[in-house]
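The block underneath contains the structure these notes are about, expressed in structure tokens.
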Amino acid sequence: MDHPPRLSRAARAHLPAEAVRGLPPEGAGVGIVHLGPGAFHRAHQAVLTQEAMAAEGGDWSICAAAGRGRSVVDALRAQDGLYTVTDRAADGADRLRVVGAIADTVSARDEPERFAVAVAASTTHVVTLTVTEAGYRHDPATGRLAPDDPETAADAAGRPPRTAVGQLVRGLQVRSRLDGPPLTVLSCDNLPANGRLLRDLVESFCALLPEREGGPLWEWISARTAFCGTVVDQVVPAAEPGDAERVAAALGYRDDAAVVGEAYRSWIIEDAFAGPRPAWDRVGARLVGDLAPYETVKLRCVNAVHSAAAYLGLPLGAATVADAVGHPVLRPFLAALYERELAPSAAAHGGEPPGVEALLGRLGNPRLRHRLAQIALQGAEKLPQRLLAPAAEHLAAGREPRLACLAVAAWARLLRTPPDERPALDPGSERVAAGLAAARGPREAVDLLRGPVPALCGGSGRDLGDRVADALAELEREGVEGALRAAAP
């Protein structure tokens with residue numbers, strides 16, 4: 001079919017029964033506002049919300065709010081909120097389903113009043129966020145908003161908000177004026193203690209407002225809003241050109257918001273809700289009192305292996321995680337890094353890391369084109385909790401974290417690579433890379449990284465930064481393959 005019609009509610013009667021099984025009934029009310037409806041949210045939380053509604057009913061449809069661009073919002077609006085998710089298994093078995101958990105869409109940037117009204121609605125009981133690590137615009141050293149961030153300052157000065165925290169606070173401000181019912185806010189981004197962090201960022205935004213405005217607002221928020229942490233896990237690569245064509249071939253309808261991901265989904269949620277919630281626990285999510293063990297496993301095992309694969313795999317010519325995991329020299333290193341340094345650090349915090357072959361088998365799914373260039377973005381924000389935190393603990397215990405330091409050094413080496421010889425990075429990483437261009441050697445390069453990555457500093461004598469500089473010198477002297485063979489023969 002050359003020009004298939006677009007997916008819509010009207011198409012439902014013509015779609016395969018298996019694809020539309022579990023779709024919420026039309027007219028189900030909105031109970032959740034989600035900020036950041038990218039591919040991950042659409043493949044993960046929205047799917048589990050649809051399944052929860054099928055299991056127990058309730059008005060738990062989602063108002064999906066784009067914080068910056070509006071391409072996803074426009075695509076979903078044109079399709080009555082419907083889109084497809086393909087769960088792609090390594091053995092070749094795919095499951096394609098139509099998801100209808102999103103009942104409304106809004107551009108928080110272009111329609112700030114509509115977004116604030118959605119947050120303030122008395123029928124909204126939960127607000128969720130997936131805005132990536134950089135979207136929190138915070139100082140990792142203090143856990144507060146970065147004091148010199150001009151975007152945050154402009155939001156606090158009263159412009160229509162463009163930052164995630166500014167948009168959330170302005171919505172909560174409208175809710176406070178209406179004295180709305182208690183609300184639960186869930187951060188679903190890969191950040192340590194993300195619920196507590198988001199609460200602190202909201203408090204620090206209120207502190208930027210005039211005292212007569214910010215003080216009472218924070219008092220209301222702290223009394224009526226629960227900020228719960230979560231740990232999410234699912235591999236959802238960026239869309240590939242052929243994804244939409246495969247959906248059209250299977251359904252006969254065009255889907256401009258199609259998502260492909262692995263079948264594995266994990267959602268661990270801190271059980272401290274302020275009010276009602278969907279029956280997520282009936283469809284696979286886990287409600288727990290202490291997130292810390294699950295958080296360390298996700299960040300230090302799954303995410304850390306991803307980062308190491310990206311920074312070491314790209315110079316070896318690997319394009320995807322599957323390429324990196326299958327590389328004959330890199331795979332033994334990733335296994336050694338995991339077994340010797342990452343998994344023990346997570347287990348020391350009460351976590352239960354998966355076996356190395358199970359993890360690498362999952363991450364190495366050859367049918368998921370999880371691009372290393374995508375994973376390599378925002379290294380300064382990601383590496384402290386993924387690789388540097390476990391490395392620091394090993395060092396404090398008298399153990400040399402050689403493998404983790406080599407992976408971090410590979411990030412530094414990528415930044416020192418001329419722009420025309422590496423993938424384009426995010427603006428923050430490009431600024432750091434520009435500063436490293438004139439570095440006269442590995443030690444000077446790492447010293448320049450100590451500012452944007454304070455976790456490289458600390459302690460007396462030789463610190464993590466010194467060890468990363470040694471590893472960077474080895475990479476530049478021996479090449480990536482040579483350094484990997486020496487580290488994990």
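The values are calculated or read from the model by the stated rules, or taken from the named source; none is laboratory data. Predicted model only: the values in this text are computed from it and were never measured. Positions of Cβ are backbone-derived with ideal geometry, glycine not excepted, and every protein chain shown enters the neighbour counts.
A few points about this structure:
- Residue check for LEU48: of a type outside the set (Phe, Trp, Tyr), in contact with a Ser or Thr (Cβ under 9 Å, 6 or more places away or on another chain) and either touching a residue at least 24 places away in the same chain (Cβ under 8 Å) or under 23 Å from ASP233 (Cβ atoms) (or both): no
- Some residue of the range 127-142 being under 21 Å from ASN194 (Cα atoms), touching a strand residue (DSSP E or B) at 6+ places or on another chain (Cβ under 9 Å) and of a type in the set (D, E, K, R): yes
- Residue within the range 434-454 that is within 22 Å of ARG399 (Cβ to Cβ), modelled with pLDDT under 95 and buried (at least 19 other Cβ atoms within 10 Å of the Cβ) present: yes
- Within the range 469-487, residues that are free of Cβ contacts under 8 Å to residues at least 60 places away in the same chain reach partners that are of a type in the set (D, E, K, R) and surrounded by fewer than 22 Cβ atoms within 10 Å (Cβ to Cβ) with beta carbons closer than 7 Å, at six or more positions or on different chains, in the pairs ALA486/GLU478.
- Against the test of being surrounded by fewer than 17 Cβ atoms within 10 Å (Cβ to Cβ) and part of a loop (DSSP other than H, G, I, E, B), the options ALA272, ALA257, ALA207 yield a single qualifying residue, ALA272.
- For the range 369-392, a residue qualifies if it is over 16 Å from the mean Cα position of the chain (by Cα) and surrounded by fewer than 22 Cβ atoms within 10 Å (Cβ to Cβ), and the qualifying residues are ARG369, ALA389, ALA392.
Per-residue answers, yes or no, for (1) in a helix (DSSP H, G or I); (2) β-branched (Val, Ile, Thr); (3) not assigned by TED's automatic domain parsing to the domain that holds ALA250:
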site	(1), (2), (3)
PRO4	no, no, yes
GLU18	yes, no, no
GLY22	no, no, no
ALA28	no, no, no
ILE32	no, yes, no
ARG42	yes, no, no
LEU48	yes, no, no
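- Residue within the range 65-88 that is basic (Lys, Arg), in a strand (DSSP E or B) and at pLDDT 95 or above present: no
- One residue stands out among those in the range 130-160 that are within 20 Å of LEU186 (Cα to Cα) and either among the basic types (Lys, Arg) or in a loop (DSSP other than H, G, I, E, B) (or both): the one that is nearest to the chain's Cα centre (by Cα), which is THR132.
- In the range 289-296 there is no residue matching the filter, namely being under 25 Å from VAL99 (Cβ atoms) and surrounded by 17 or more Cβ atoms within 10 Å (Cβ to Cβ).
- Being within 20 Å of ARG443 (Cβ to Cβ) and in contact with a helix residue (DSSP H, G or I) (Cβ under 8 Å, 6 or more places away or on another chain) is a condition met by no residue of the range 355-374.
- Whichever residue in the range 222-254 is assigned to a loop (DSSP other than H, G, I, E, B) and touching a Pro at 6+ places or on another chain (Cβ under 7 Å) and, among such residues, is nearest to ALA376 (Cα to Cα): TYR253
- Every condition in (1) in a loop (DSSP other than H, G, I, E, B); (2) within 24 Å of GLY36 (Cα to Cα) holds for ASP179 except the one numbered (2).
- Failed condition for LEU186, given (1) assigned to a helix (DSSP H, G or I); (2) touching a residue at least 60 places away in the same chain (Cβ under 8 Å); (3) of a type in the set (A, V, I, L, M): (1)
- Taking the range 355-436 as the region of interest, none of the helices (runs of 4 or more DSSP H) fully inside it holds 1 or more residues being among the hydroxyl-bearing types (Ser, Thr, Tyr) and touching a residue at least 60 places away in the same chain (Cβ under 8 Å).
- Only one entry in ALA336, ALA348, ALA343 is more than 30 Å from ALA424 (Cβ to Cβ) and touching a residue at least 60 places away in the same chain (Cβ under 8 Å), namely ALA336.
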